[in-house]
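Worksheet: one structure, shown below.
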Amino acid sequence: MQFQQLQYFVAVAETRHFTRAAELVHVAQPSLSQQIKALERELGADLFLRARGNITLTDAGEALLPLARRILADADTARHEVQELVQLRRGRVRLGATPSLCTGLLPDVLRAFHDRYPGIQLLIEEGGSHDLVRELARGALDLALVVLPLPTPAPALTTVELLREDLVVVSSPEVPAPGISGEGGRVVRIADLEGERLVMFRHGYDLRELTVAACRAEGFEPDFAVEGGEMDAVLGFVRAGLGMAVVPRMVATRAGRGLRVTPLARPGLHRTIALAHRSDVAPPRAARELQRMLLER
């Protein structure tokens, strides 16, 4: 009994027509009929009653049909499982993330993922949440780390909250410390930023929008010493003493020497990071494994 014969048998059983069954499985009708006859000879029983214009299953055919369907389904499952395993040995994951997350969150997770799956190519695209949502929607990314709430409604995306991160103020140790002293140490109130020179991210950057909105809520417009940079440039300008900046705590912690880190006074500023993917398309197996590692980090 051959796997192909079972495919042909199920096709005839479902169409009740040899010619249509042959078209369904993309084979010539005489070849299909010969394979069905060969299967019947091996089983020692007729599977179909062949009356003119009327094909019906015999008792033997009725008994074989559910078993054949199960065998074919199991074969599809086996093929799918093997392909899934192959995807973890080679392939790629296209991940989008904001620059601050590329600096703070991703290095350790990506190193662990690469150690476990060295054959998977990691393609990283940096951008603001607005750009990443657009890239997800058009299928250019498998996953994206975005800041909630999303800049525009995205009903076609599924988001899972990953972490809630505090923002802090970074400044050069060479300039006077910002803020006020309290029982728990020095803190910066948003109001303390009025009149201070800030190093500001480019337009479209989530941190820019959050910082500007917080200043305006306190009744003032922030004063920019330098604006338009990405994360590394902003940190470099702060180290040089050009001004201070509001950045994620994770980034400030990893930034190394040359920066003074001062927390914001309560209630402070926070941002919520989520992992997003398209709702209508399941991410590839390798992308789902990276998603699992990010959620369990």
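The values are calculated or read from the model by the stated rules, or taken from the named source; none is laboratory data. If you're wondering where the values come from, they're calculated on a predicted model, not measured in any experiment. Positions of Cβ are generated from backbone atoms using ideal geometry, with glycine treated the same way; all protein chains shown enter the neighbour counts. Keep in mind that these areas ignore ligands, DNA and RNA; they rest on the heavy atoms of the full protein, side chains included. Shrake-Rupley method; radii C 1.70, N 1.55, O 1.52, S 1.80 Å.
Only one of the numbered conditions (1) farther than 30 Å from Pro284 by Cα; (2) part of a helix (DSSP H, G or I); (3) modelled with pLDDT under 90 is not met by Arg20, and that is (3).
Between Leu64, Leu101, Leu88, Leu57, the distinction of being within 30 Å of Glu135 (Cα to Cα), touching a Phe, Trp or Tyr at 6+ places or on another chain (Cβ under 8 Å), touching a residue at least 40 places away in the same chain (Cβ under 8 Å) and open to solvent by less than 60 Å² (accessible area, probe 1.4 Å) belongs to Leu88 only.
Given the condition of a type in the set (Gly, Ala, Ser), out of contact with any Pro (no Cβ under 7 Å at 6 or more places or on another chain) and either crowded, with 17+ Cβ neighbours inside 10 Å or under 25 Å from Phe220 (Cα atoms) (or both), answer yes or no: does some residue in the stretch 187-194 qualify?
yes
Just wondering, is there one or more residues in the stretch 51-60 that are of a type in the set (Ser, Thr, Tyr), assigned to a helix (DSSP H, G or I) and over 14 Å from Gln2 (Cα atoms)? Checked against the condition, which is being of a type in the set (Ser, Thr, Tyr), assigned to a helix (DSSP H, G or I) and over 14 Å from Gln2 (Cα atoms), the stretch 51-60 yields no hits at all.
For Thr159, the test of being in a helix (DSSP H, G or I) and hydroxyl-bearing (Ser, Thr, Tyr) is failed. For the stretch 254-297, give me each residue that is more than 21 Å from Pro107 (Cα to Cα) and open to solvent by less than 30 Å² (accessible area, probe 1.4 Å). The answer is Thr262, Leu264, Ala265, Gly268, Leu269, Pro283.
Residue under question is Leu143, and the condition is that it be in contact with a Ser or Thr (Cβ under 6 Å, 6 or more places away or on another chain), at pLDDT 85 or above and over 30 Å from Glu40 (Cβ atoms); does it hold? Taking the combined requirement at face value, the residue does not satisfy it.
Looking only at the stretch 178-190, which residues are in contact with a helix residue (DSSP H, G or I) (Cβ under 9 Å, 6 or more places away or on another chain) and not in a strand (DSSP E or B)? Within the stretch 178-190, Pro178, Gly179, Ile190 meet the criteria.
Scanning the stretch 113-130 for residues that are under 17 Å from Thr103 (Cβ atoms) and open to solvent by 20 Å² or more (accessible area, probe 1.4 Å), we see that the one that is modelled with the lowest pLDDT is Glu126.
For the stretch 205-221, a residue qualifies if it is in a loop (DSSP other than H, G, I, E, B) and either open to solvent by 20 Å² or more (accessible area, probe 1.4 Å) or at pLDDT 95 or above (or both), and the qualifying residues are Glu218, Gly219, Phe220, Glu221.
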